[in-house]
Structures are given as structure tokens and as C-alpha cells.
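Enquirer: Submitted below is the structure of interest, expressed as C-alpha cells.
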Amino acid sequence: MSLTELTATSRVTVFPLEHLTVAYTTQSSDKRGLGDIGLVSVVDEQSDGDELWRLARDLGGRTNGGDQARWILTQASRARMVATYKNLPDTTWTAYVRRRFELDALFTNHDVLMTGRMALCAG
């Protein structure tokens with residue numbers, strides 16, 4: 001597995017998912033700023049993000065990659081809509097992306113899902 005490191009400041013939603021703490025933010029593939037890339041990462045130094053894919057398989061009952069990616073994005077977008085979870089408006093973060101999955105069609109305004117581990121900077 002290759003590793004891509006990204007650092008940015010953006011809105012981050014932090015939410016619990018089973019035994020994990022998960023962070024969700026978006027990135028844009030071009031200057032239009034559409035947020036077409038969903039970045040869903042586990043906030044844990046020991047994680048590589050594969051836990052999300054296992055949950056999609058085990059809890060979501062999804063066996064193919066596209067269905068698993070849509071399940072992960074559904075959990076993240078749902079958490080962002082629920083006011084009880086932490087929305088951090090201008091948070092600096094570093095993500096260690098282990099997996100990039102291109103969806104076959106736009107889903108929750110994303111055509112790419114990236115997963116891995118994220119570190120949130122105190123600020």
C-alpha cells in the first residue's frame with residue numbers, strides 16, 4: 001500500500017463509528033472547489049483506515065468495493081448532517097491516505113473516496 005500525505009485546513013466532522021473515532025472532510029480535484037473527494041479517516045495513530053472497509057463489509061453487509069465505499073460515505077455524510085457530532089470549522093489536519101477509490105458515479109457529491117489515518121492539530 002502506498003502512502004499519500006495531505007495537510008490542509010478545512011471543515012472536519014468528527015464522529016464515533018463503532019469503536020472508532022472518524023474524521024470526515026472534503027477536498028477538491030480542481031480550482032472549482034466542489035469538494036468532489038471525500039476523505040474519511042480514522043483518528044488513531046495505529047490505524048491505516050482499513051477498519052472502515054471492514055466495518056462496511058461486516059456491518060453494512062457490503063462485499064464489493066463500490067458498495068463499501070458508498071457505505072463509508074453514507075456514514076460520514078450522515079454524521080455531518082446530525083448536529084450532535086463535532087463540526088470543527090477551520091481545523092488543520094494531516095491525513096495519511098492509504099486507499100483511494102474512484103466511484104463509478106457521483107455519490108453524496110463525491111466521485112472519489114480516500115481513507116486512511118488523520119491527525120488533527122490543536123488550535
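Enquirer: What list of ³J(HN,Hα) couplings, whole Hz, do you get for region 32-42 from phi and the Karplus terms 6.51, -1.76, 1.60, once you set θ to phi - 60° and write x for glycine and proline?
Expert: Each residue's phi maps through the Karplus curve to give 5, x, 7, x, 7, 10, x, 10, 10, 9, 8 Hz.
Enquirer: List the residues whose amide H sits under 5 Å from the amide H of Val12, counting only those 5 or more places along or on another chain, with H placed 1.01 Å from N in the peptide plane.
Expert: Leu88, Thr91
Enquirer: Label 7 Å along Cα→Cβ of Thr94; region 1-26 residues with amide nitrogen under 16 Å?
Expert: 3-10
Enquirer: For the chain, set up a Gaussian network in which alpha carbons nearer than 10 Å are linked by springs, and say which option among Glu51, Glu18, Glu102 fluctuates the most.
Expert: Of Glu51, Glu18, Glu102, the most mobile in the Gaussian network model is Glu18.
Enquirer: For the pair Ala8 and Ser28, how long in nm is the line joining their label points, each one 7 Å along Cα→Cβ?
Expert: So the two model labels end up 0.9 nm from each other.
Enquirer: Restricting to bridges with both residues inside the chain, how much of the DSSP beta-bridge set is antiparallel, in percent to the nearest 5?
Expert: That works out to approximately 85 percent antiparallel.
Enquirer: Next up: Among Asp104, Asp50, Asp67, determine the one that fluctuates most according to a GNM of the chain built with springs between C-alpha atoms less than 10 Å apart.
Expert: Of Asp104, Asp50, Asp67, the Gaussian network model singles out Asp104 as fluctuating most.
Enquirer: Rg(Cα) of region 28-123 divided by 2.2 N^0.38 Å?
Expert: Taking N as the residue count of region 28-123, the ratio is 1.07.
Enquirer: Sticking to Cα atoms, compute the Rg of region 67-121 to one decimal and its Dmax as the biggest Cα-Cα distance, whole number, in Å.
Expert: Reported Rg and Dmax, both Å: 12.3, 33.
No value in this document is a laboratory result; all are computed from the given coordinates. Because the structure is predicted, anything quoted here is derived from the model rather than measured. Cβ: placed from backbone, ideal geometry, glycine included. Neighbour counts: every protein chain shown.
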